[in-house]
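J.: I am attaching a structure below and will ask some questions about it afterwards.
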Amino acid sequence: MMSDAYFTTPFGRRSVTFGQLARQTAARAVAPEGQVQKWQVFRNITEGKARLGVSDRSLAVLNALLSFHPETLLSAGNELVVFPSNRELSLRAHGMAPATLRRHLAALVEAGLVIRRDSPNGKRYARKGPGGVIETAYGFDLTPLVSRAGEFERVADEVRAHRKAIMLLRERITLLRRDIRKLIQFAEQEALPGPWTDLTAQLASLSGHLPSTTPKTILETTVDALQHLCTDVHKTLEKNIIFQKLSADESQSERHLQNQPSENRDSEDERIAATTSETPPSLHRHEGRQDDVRLDDVLSACPAITDYSRTPITSWNELLKAADLVRTFLGVGREAWHDTCGLLGPRTAAAVIAAILERHQQIRSPRAYLHTLTARARSGTFSVGPMLLALRRAKLATEPSTTDAFATREEAAGKAIGPLRPHPSDTLPSPRLHPPIRLGQLGYPDPENVKRYRRHGPLVRIGPRT
């Protein structure tokens, strides 16, 4: 039952505030039939404690106050004043110190979760009437929990939704960082053309630590930036995938038509140059002189370039892609490579790169060497054929002949077996010689008797016994 006065004032030197009066007015306006489950309301308050301005220690005191109300349901028409002593309240608040307990009780009153109903002397007690029914009680009124139950539930739902959104944003950030990092690593391992260094730098700038207190707006900004970066990575990879598909189709067509004579050499080179990664449009029409070089001659003279191709090199297009990869290792820039292709033609340029790779240990500066060759090509004094022929002759000179190789293998086998030990003649067994059998003589069987005894019985010796 509420006090007779419309507003209640605190005991002692505590002052009255507009907030206290407004909360008492809201508590009086609740419908008499309104009732709530006290532990559900307490859970909602716990979810939205940051929005309501209460701490976890204050919630422990509120939990202790709720435990003094005997009913689970809080009804607005019933008396909702609890009046425990500070000692009992401290015990149910896990032994909280008296000064700490008073501070958190004041915080609950300030947050509008409970209302003080002080007695004339400031003590907490209840006066009972006939039959033990409580007529007047002084302590803490729990009516605000009923009047603000809808507000607490709405705040709890908002907090849960915000927490879920933060969790989804953090999950999205983790997935985007992982996808971008692994896609860039894949592209770098496969040596795919693209601005991978710049993309890696952008990813590093977006991979900083995000504390648990990071605002939602910053997380959303980070997700948007990572999403744009992931889109750039996907577009670059899609271009490479389309290029790989076109290259594979072209390689199949080239192997199918490799036995047919080529009527227009320049048009074929233009097609190869058009499929080369990052080739400018100016290379589609090159006016340089073309050398009559065969793919087999290049591969036999320069076999080292095959190690830089994912598949066996069977076409000029595959050789051109391997050369485009090798020139980056040799320090040849993109512009110099394009100039060389435009001057010498894609095939000759690929053959030159393969030759430089074959002799990279003897060439101090491959980039300067290529510049010298292109300068000679402009003056008309360079041809790739003699270069490939010199490489083949050098390779044949270093290989041993067939006879020398056979002798070397025989000598190695003899050293592995070791010398053979001779067999002494006295250890060999001598053959046993049997004298010939004389038939028909004295002491030896007669031929006719031998035949007869072979048919009728065992062979016996004929003649006088000695």
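J.: What pairs from Lys235/Lys321; Lys239/Lys395; Lys49/Lys216; Lys38/Lys123; Lys49/Lys182; Lys38/Lys128 go past 30 Å between their alpha carbons?
T.: Beyond 30 Å: Lys239/Lys395; Lys49/Lys182.
J.: Please sort 379-385, 314-320 by packing, taking for each peptide the average over its residues of neighbouring beta carbons within 10 angstrom, highest first.
T.: Packing order, densest peptide first, comes out as 314-320, 379-385.
J.: Can you work out the Karplus-derived ³J(HN,Hα) for every residue in region 44-59? Use 6.51 cos²θ - 1.76 cosθ + 1.60 with θ = phi - 60°, whole Hz, and x for glycine or proline.
T.: 5, 5, 4, 4, x, 4, 5, 6, 8, x, 10, 9, 5, 5, 5, 5
J.: Arrange Leu113, Leu388, Leu176, Leu168 by Cβ neighbour counts within 10 Å, fewest through most, would you?
T.: The fewest-first ordering by Cβ neighbours comes to Leu168, Leu176, Leu388, Leu113.
J.: Something else: Give me the net charge for the shell around Glu79: Cβ to Cβ below 10 angstrom, other residues only, Lys and Arg +1, Asp and Glu -1.
T.: After counting each charged neighbour, the total is -2.
Where a number appears in this text, it was derived from the coordinates with a stated rule and is not lab data. Computed from a prediction, not measured in an experiment: that's the story for all the values here. Positions of Cβ are backbone-derived with ideal geometry, glycine not excepted, and every protein chain shown enters the neighbour counts.
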